[in-house]
Structures are given as structure tokens and as C-alpha cells.
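The values are calculated or read from the model by the stated rules, or taken from the named source; none is laboratory data. What you see is a predicted model; the values in this text were computed from it and never measured. In this analysis, Cβ positions are derived from the backbone assuming ideal geometry, glycine residues included, and neighbour counts consider all displayed protein chains.
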Amino acid sequence: MTKSFAERLTEDRRLVLLRILGDLPGYRSNSSVLRKLMDGFGHAVARDYIATQLQWLAEQTLVALTDLDGVLVVELTPYGQDVARGLSHVPGVARPGA
């Protein structure tokens, strides 16, 4: 089955979120900083889009979330690190270099 452009874009955005977290000290950030960093990778997205994608990534155990008065603090899990590096694959997340 061929994926739509929207599906491929969502998968790429999820990978970008994981890779950004993988490059940050402590593999942690918050949703506001991640939204700004996504712009630098050509993905201008709304804050609620980031929150939705982070929830999805948390459901896949790729990140851990803590809600601090409406700001999501995000930490990349070891499994998320493996997916970001291409050592593991999760359907719904683009593979690095693909």
C-alpha cells in the first residue's frame, strides 16, 4: 500500500522530533523549545500538533512525558534513541536516511 504525502510527512516529523531530542543535553526538552527547533528543520507546526505527536511517541514508549502546568517536558527513552539512530524501527516513524 502506498503512503500518502501527509502520512510520510507525519512520519518524518516524528523522526525529526526524536533526532532533535537525541542531540540535546540529557535527551530532554520541552514542547515549546521543540516547536521552535522544528522550524529549523523545515517543519513549521503549531504547538498543539507538537503535543499530539509527543503523545503518540509516548504511547510507543519512544519518549517519556511530564506535564508541568501545560508545558510538556519530554525525555527520549533508550528505545527512542535506537529508533532515532535507525537501530530499531517503529511503524509510523520514518527511518533515518530513507
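Test of understanding: among L87, L54, L76, which residue is free of Cβ contacts under 8 Å to residues at least 12 places away in the same chain and farther than 25 Å from M1 by Cβ? Step through it out loud before you land on a result.
Values: L54 fails: free of Cβ contacts under 8 Å to residues at least 12 places away in the same chain; L76 fails: free of Cβ contacts under 8 Å to residues at least 12 places away in the same chain.
Of L87, L54, L76, the one residue that is free of Cβ contacts under 8 Å to residues at least 12 places away in the same chain and farther than 25 Å from M1 by Cβ is L87.
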* Asked: Hey, among L15, L62, which residue is modelled with pLDDT of 95 or more and in contact with a Pro (Cβ under 9 Å, 6 or more places away or on another chain)?
  -> L15
* Return yes when V90 is surrounded by 15 or more Cβ atoms within 10 Å (Cβ to Cβ), part of a loop (DSSP other than H, G, I, E, B), hydrophobic (A, V, I, L, M, F, W, C) and modelled with pLDDT of 95 or more and no when it is not. => yes
* **Odd one out for G97, checked against (1) modelled with pLDDT under 95; (2) touching a Lys or Arg at 6+ places or on another chain (Cβ under 9 Å); (3) of a type outside the set (A, V, I, L, M); (4) within 19 Å of R8 (Cα to Cα)** => (2)
